[in-house]
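The values are calculated or read from the model by the stated rules, or taken from the named source; none is laboratory data. In this text the structure is predicted, and so the values were computed from the model without any measurement. Here the Cβ positions follow ideal geometry from the backbone for every residue, glycine too, while neighbour counts run over all protein chains shown. Heads up: the accessible areas ignore ligands, DNA and RNA and are worked out on the full protein's heavy atoms, side chains in. Shrake-Rupley method; radii C 1.70, N 1.55, O 1.52, S 1.80 Å.
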Amino acid sequence: MRYQHVKNEDPALYEMMVKELHRQQSHLELIASENFVSEAVLDCMGSHLTNKYAEGLPGARYYGGCEFVDQIESLCIERACTLFGAEHANVQPHSGAQANTAVYFALLKPGDTVMGMSLDQGGHLTHGSKVNLSGKYYHFIPYGVDPKTERLDYDAMEKLVVENKPKLLVAGASAYPRIIDFERIAKICHENGTLLMVDMAHIAGLVAAGVHPSPVPYADIVTTTTHKTLRGPRGGLILCKEEFGKAIDKAIFPGTQGGPLMHTIAAKAVALKEAMGDDFKAYQHQIVKNATVLSDALSDKGFRIVSGGTDNHLMLVDVSAVGMTGRDADDTLGSVNITANKNTIPFDPQKPAIASGVRVGTPAVTTRGLIEADMQVIADAFEAALINHDLDLARSKVKSLTDKYPLYPDMI
Ligand code: DSN
């Protein structure tokens, strides 16, 4: 049993933790960016390593007593470089947003021209959204998808690069269901004197397992979170060519962060080790198989799948095809214990707060053990909830799966 000290010290908070555990256990988690970490990762996160200040880098700290956390961070760096075939890694970013901000701080001056995928077509807030620091400090020009195919329009991207000669192009997405051709994007960038940064946060696990082509050989800098398909603790990571290593390290500390979170870095090291194993490769293949089967099954039920399907861990379900908005679908799914998120679809006629789509991902349910046949049950639950409005039936379908695949059964 975990958390007995919390229970004794702070019963009110403990109750909230228990409720959240029960929520995770009793719901089907289809948020494409979430996952369930291993017990080993949890152990590191809740460890005494949180006590240590270690500003600086291994061997060059501003605090004494770092000899063991130096070993931990060096191991984490070595594993990150080995797993992804990178020349240099910084494992200190507290999040993906911090990693991206540090790259901009390292490579750009305020006002510089940058290109990023438009938020409403699948990009991320930190790729130049007007409400984010990226969009306020730098001159971001958005690129997007072809209206017919709903796939990245590489020709239009090239035209924009040629016309605008951005200093940096940010590739990668939060809601794009197709393979991204990093080799092609790198060619476009490097022929035009543009640096390429890839934010592979969503697909890092797929990349580690060879299920999605790696950006690392092509991009100058690669950022990622560590908690999505990679299934580590919440945090970020930067990989780069050696020539950018010093600038990236300085941009993290002292540029944009203070002390690194050593308990999180230890957890990242464990997750990276897990990601080197055969089980992890099989897991990543299963994520994609599950997503493909779920996408086909939802399409058979009458939902429209943006771009006609998926190559990765997520799909965008256009629920306007069944007469709903994304917001209503999100709420209805929530009421039957399915957790997903409303999401704009490309060229969405609805505002982002309403949206026409729901983003659905398979990383978390695949960790739980669900396989292809279970995806049909999820599609049945979607049909019951969103088309036939039979919420009891939808709930019973969900319960059949959450009972069949227990999550953290011995935790409390
Ligand atoms: N918020 C994450 C997602 O859901 O995709 C991206 O950082």
Output the qualifying pairs, or none if there are none: Cβ atoms under 8 angstrom, residues six or more apart or on different chains, first residue in segment 315-329 and at pLDDT below 95, second residue assigned to a strand (DSSP E or B).
-> A321/R304
Close pairs from segment 352-373: first closer than 14 Å to S33 by Cβ, partner part of a loop (DSSP other than H, G, I, E, B) and open to solvent by 20 Å² or more (accessible area, probe 1.4 Å), Cβ under 6 Å, at least 6 apart = P363/N35; A364/E34; A364/N35; T367/N35
What are the pairs, 6+ residues apart or on separate chains, where a residue within segment 188-217 that is free of Cβ contacts under 8 Å to residues at least 24 places away in the same chain and part of a helix (DSSP H, G or I) has its Cβ under 9 Å from a residue that is surrounded by fewer than 24 Cβ atoms within 10 Å (Cβ to Cβ) and not charged (D, E, K, R)?
-> H190/L196; H190/Y218
Residues that are closer than 13 Å to C81 by Cα and assigned to a loop (DSSP other than H, G, I, E, B), drawn from segment 218-253 = K241
Please report, ordered by residue number, the helices (runs of 4 or more DSSP H) entirely within segment 1-117 with at least 3 residues that are buried (at least 16 other Cβ atoms within 10 Å of the Cβ) and modelled with pLDDT of 95 or more.
-> 11-26, 39-45, 67-84, 96-107
For D279, work out the one condition from (1) closer than 25 Å to R231 by Cα; (2) buried (at least 19 other Cβ atoms within 10 Å of the Cβ) it doesn't fulfil.
-> (2)
Taking segment 236-288 and keeping residues under 15 Å from E55 (Cα atoms) and among the acidic types (D, E) leaves D249
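Quick grid of which residues meet (1) among the basic types (K, R); (2) at pLDDT 95 or above; (3) within 16 Å of the ligand (Cβ to nearest atom); (4) open to solvent by 10 Å² or more (accessible area, probe 1.4 Å):
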position: N341; (1), (2), (3), (4): no, yes, yes, yes
position: F347; (1), (2), (3), (4): no, yes, no, yes
position: Q350; (1), (2), (3), (4): no, yes, no, yes
position: I354; (1), (2), (3), (4): no, yes, no, yes
position: G357; (1), (2), (3), (4): no, yes, yes, no
position: T367; (1), (2), (3), (4): no, yes, no, yes
position: Q376; (1), (2), (3), (4): no, yes, no, yes
position: A379; (1), (2), (3), (4): no, yes, no, no
Is it the case that segment 145-153 has a residue that's touching a residue at least 12 places away in the same chain (Cβ under 8 Å), within 27 Å of T292 (Cβ to Cβ) and among the β-branched types (V, I, T)?
-> yes
